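The values are calculated or read from the model by the stated rules, or taken from the named source; none is laboratory data. Small disclaimer: the values here were computed from a predicted structure and weren't measured. Ideal geometry is used to build each Cβ from the backbone, glycine not excepted, and the neighbour counts take in all protein chains shown. Only protein heavy atoms, including side chains, enter the accessible area calculation; ligands, DNA and RNA are left aside. Shrake-Rupley method; radii C 1.70, N 1.55, O 1.52, S 1.80 Å.
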Amino acid sequence: MQAIEAKQFARAIPMLENVVKREPGNADAYNWLAFATRKNGDPKASIPIYQKALAIDPRHRGAHEYIGEAYLALDDLANAKEHLKRLDKLCLFSCEQYRDLKKAVEAYEKSNGKVKPTASN
């Protein structure tokens, strides 16, 4: 987590890979591994890792938000919106993950796909 907070994503990846090997049922670890992979410049490779997190915990709000952002980075608005819908159902009265993905989707739509999620997302 310290490596991720320091935005040292390449350093975080092998550490997180070790965690998921030791704890294959840890949805949070898969979510953070996917996050680090996406932030390290490979949103396409992050998708199956997020999917693994969601297979373990289909209600993982962070994984839904981040996979949606990965889909936007890959110009896949339809899948991003699908995860936004899932977050809308998971978050009874809205939640940070829903609001953040909704903002990213709106920015993407407004820019006709020219605005991708930023490094802070």
query: Exactly one of (1) outside any helix (DSSP H, G or I); (2) touching a Leu at 6+ places or on another chain (Cβ under 6 Å) is unmet by Leu92. Its number?
result: (2)
task: Filter segment 53-87 down to residues that are among the hydrophobic types (A, V, I, L, M, F, W, C) and either over 16 Å from Gly25 (Cα atoms) or at pLDDT below 95 (or both), then give me how many there are.
output: 10
- prompt: Any idea which residue in segment 37-65 is least open to solvent (accessible area, probe 1.4 Å), counting only those that are assigned to a helix (DSSP H, G or I) and free of Cβ contacts under 8 Å to residues at least 12 places away in the same chain?
  reply: Ala45
message: Out of the residues in segment 66-80 meeting the condition of being part of a helix (DSSP H, G or I) and open to solvent by 10 Å² or more (accessible area, probe 1.4 Å), tell me which one is nearest to Leu101 (Cα to Cα).
response: Tyr66
field: Members of segment 1-58 found to be touching a Lys or Arg at 6+ places or on another chain (Cβ under 6 Å) and aromatic (Phe, Trp, Tyr), listed by number
entry: Phe9, Tyr30
field: segment 1-22: number of residues that are open to solvent by less than 80 Å² (accessible area, probe 1.4 Å) and not in a helix (DSSP H, G or I)
entry: 2
